[in-house]
Amino acid sequence: MKGLTKLKESFNRSIQVKLTSYFIVILLPLICFSLYANSRSRSILEQELGERTMSAMSSALEYVDLTMDGMKNLSTLLSTDSGLTSRLKYTGDLLSAEALVDFTQVMLQLTNIANVNPGLSGVTIYHGGSGRLLSSRIGALHRPEAVTEPWFDEVMRAGGSYILYVPDKHEEALMGWADPVYDEEQIVLMQLMDLYSRERDGNVLMLSLPKRQLLGYLMNLTPSDASKVFLYDNSGRLIVSNTSGPHNPGEKDLVLRAESRRSGWSLELMQPEGEIYRKSQPLQLFTYWIIVISCLLAVWISWLIYSSIASPISSLVSGMKQLRRGNFDARLEHNRQDELGYLTDAFNQTVEQQRHLIQDIYEQQLRLTKTELKFLQSQINPHFLYNTLDSIYWSAKNYEADEISEMVLNLSRFFRLSLSKGRDTFTVEENFAHLRYYIRVQQLRFVDQFSAGFHAAPDTGGLYVLKLLLQPLAENAILHGLEKRESGGELRIAAERKGDRLVLMVADNGRGIPAQRLERIREALSRNAGMGGGESGGEFFGLLNVKSRIKLYYGEEAEFTIESEEGAGTVSRIALPAERCVNQG
């Protein structure tokens with residue numbers, strides 16, 4: 001159910017899915033017709049094969065009937081032959097010389113009959129009076145116990161009718177010869193002798209027919225070695241087969257059965273379907289390949305149409321989404337001269353008009369922002385002046401006038417550059433020079449407890465940054481980090497480019513910031529909206545002022561981070577977009 005719902009949503013939202021579905025629907029008649037043609041060809045093949053095979057099986061059954069009829073006719077002739085029956089009028093185990101001569105003549109006659117009928121493998125007479133088998137193959141065998149065997153009883157109950165005996169065991173007589181009765185390779189037609197006499201002495205005529213003779217003819221029906229053939233008599237008893245396996249057909253076997261109306265014998269043929277359809281399979285596979293290729297062509301054609309029609313529409317949808325998100329620089333490229341090209345041009349013109357319409361409002365907001373920026377910058381000077389005058393006070397109290405005069409000189413130079421005829425930005429070198437005056441004042445105050453180092457990468461010299469941007473960071477580093485060190489303090493100010501950003505760094509090896517206070521600073525910086533944050537006199541005023549200024553002037557891409565470890569120092573970094581630091585006045 002979920003799959004159908006998902007497929008329906010894809011169909012409703014995607015033009016390409018719709019086109020592919022339509023093409024496949026168009027191909028459905030071709031697919032159905034191809035599958036029907038395959039199925040119909042299989043049916044025709046089965047029908048024609050069945051008709052031909054059934055005709056051949058009927059011919060084979062006629063041959064079997066003729067063979068069995070010939071054996072029955074021969075059996076009738078022999079069982080009524082007075083020349084044979086007259087030589088079998090003896091009883092008792094001990095035979096006279098005359099009986100031996102007659103039995104010899106009988107065996108000679110049986111041998112001649114077997115030679116005249118090459119289809120027979122042997123002719124045998126069981127003499128009930130003496131309990132002997134007289135065979136054309138192996139001569140005379142004493143078999144008095146035969147009267148107790150099932151086949152003898154069956155012949156006696158038949159009363160002169162034919163009995164077809166199929167041995168279910170194999171025995172050997174003299175010198176490895178197969179027994180005339182118990183030979184699994186033979187079928188034996190049995191009948192009582194002397195049919196015209198009411199008093200029969202239990203003499204049984206046996207005509208042996210090799211199974212291979214019948215099977216050799218039936219094997220002409222099998223088109224392959226995997227085919228199976230079974231011959232049954234009128235009682236359903238299996239006579240011959242080319243397999244010793246089970247008679248049950250498999251799931252993929254074609255079974256044909258023919259029955260003789262005259263004798264009631266039946267013939268069953270089992271043939272694997274794979275053998276039947278071997279020649280037609282290439283054609284079926286060819287049909288399936290046509291179906292697969294047609295579906296692939298449908299997908300490919302739908303993709304071509306999608307690329308030429310739906311893809312430009314998708315581009316228009318994407319452009320409208322960008323316009324809705326406020327991206328008025330979105331432009332759609334195309335090289336079409338049709339209706340879709342006209343729509344794309346109209347979209348580009350609409351975006352351009354919208355951009356011009358909001359430009360005036362944006363410029364007004366920008367002027368308001370710059371006004372607020374100037375206000376924030378003006379807050380720096382009184383704050384710094386207060387701290388500097390405090391430094392002069394303590395210096396005058398502890399040091400001689402020469403140092404005070406140097407401090408005042410650096411202070412005056414610092415204020416002179418701060419005014420700078422209304423300029424808002426300085427180059428990195430100018431900012432560093434400006435910052436040196438302030439740091440020198442602080443070094444005089446703390447009696448050179450710390451040293452200061454400046455490093456500007458060569459590719460940063462021509463970039464502009466806001467004035468007094470680094471001064472609050474240097475002031476925090478000195479007052480909160482280096483003030484408690486008696487000696488060995490280091491203050492490092494650096495500028496470098498990393499990719500498309502200008503990175504300014506102020507680092508000290510002072511006492512660092514405790515983890516709890518550092519977390520408070522970061523929370524305050526993250527809460528600062530960047531527009532007017534950090535009221536005068538509030539906690540972290542200088543840091544909030546720095547972040548507010550860079551956000552207002554350089555946009556949301558500007559970043560301000562602080563890293564510190566208690567006892568190891570503090571590192572403050574300002575990352576500005578480099579393209580906003582070029583050609584600033």
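Miscellaneous remarks
- Taken about its Cα centre, segment 56-174 carries a charge dipole of roughly 260 debye when the Cβ of each Lys and Arg holds +1 and the Cβ of each Asp and Glu holds -1.
- Accessible surface, segment 465-510, averaged per residue in Å² (probe 1.4 Å): 38
- Peptides 218-228, 180-190 ranked from most to least packed, by the mean per-residue count of other Cβ atoms within 10 Å: 180-190, 218-228.
- Convex hull projection area averaged over all views, segment 109-166, Cα basis, nm²: 4.6
- For the residue pairs K484/K551; K467/K547; K467/K551; K498/K551; K498/K547; K484/K547, alpha carbon separations beyond 23 Å are given by K484/K551; K484/K547.
- Legend: calculated FRET efficiency, Y63 to T111, from the Cβ-Cβ distance at R0 = 41 Å, rounded to 0.05, equals 0.95.
- Here segment 82-191 is treated as a sphere whose radius is the Kirkwood value from Cα pairs; by Stokes-Einstein at 25 °C and 0.890 mPa s it diffuses with a coefficient of 168 µm²/s.
- Taking packing as the residue-averaged number of other Cβ atoms within 10 angstrom, the listed peptides 482-488, 575-581, 129-135 run from highest to lowest as 129-135, 575-581, 482-488.
The values are calculated or read from the model by the stated rules, or taken from the named source; none is laboratory data. Computed from a prediction, not measured in an experiment: that's the story for all the values here. Neighbour counts are summed over all protein chains in view; Cβ atoms, including those assigned to glycine, are modelled from backbone coordinates with ideal geometry. We work out accessible area using only protein heavy atoms, side chains counted, and drop any ligands, DNA or RNA first. Shrake-Rupley method; radii C 1.70, N 1.55, O 1.52, S 1.80 Å.
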